[in-house]
Amino acid sequence: MELFPPLTHFYNAIANDARIGTAHISLYIALFQQWNLNKGENPILIERNHMMKAAKINSRHTYNQCMNNLHEFGYIIYEPAANNVVLSKVKLNYCENEK
């Protein structure tokens, strides 16, 4: 019995994707946890500092690069906030119909 199909879908998708590194995976898992805490709501609203801490990413450059890569590679749809007052929006593509 598979308990978390979205996680399995993600891992199957990245299995042969050489562009994905450990920081990408860590960030996706942090996003996945936020999705889980939000009871499966998709898209999720995120705050950069919280996601960086959860993903154990210390560099804003690495965080931004990973978010943009995950978006570019089709794993998420990322809508960055225009300023620090507004939260960014992320849709996890492997969690679309899961609740």
Residues GLU72, GLU47, GLU2 in order from fewest to most other beta-carbon atoms within 10 Å are GLU2, GLU72, GLU47
Ascending count of other beta-carbon atoms within 10 Å, so fewest first, for LEU87, LEU27: LEU87, LEU27
Roughly how many nanometres apart are two label points built 7 Å out from the Cα toward the Cβ at ILE77 and LEU3? 3.0 nm
Only counting other Cβ atoms within 10 Å, I'd like THR22, THR8, THR62 sorted with the fewest neighbours first. THR22, THR8, THR62
Only Lys, Arg, Asp and Glu count, each charged at its Cβ (+1, +1, -1, -1), so figure out the dipole size of the chain about its Cα centre, rounded to 20 debye. 320 debye
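Read-outs throughout are calculated quantities, based only on the coordinates presented, and are distinct from any laboratory measurement. None of these values were measured; they are calculated from a predicted model. Quick reminder, even Gly has a Cβ in these numbers, built from the backbone with ideal geometry, and neighbours come from all protein chains shown.
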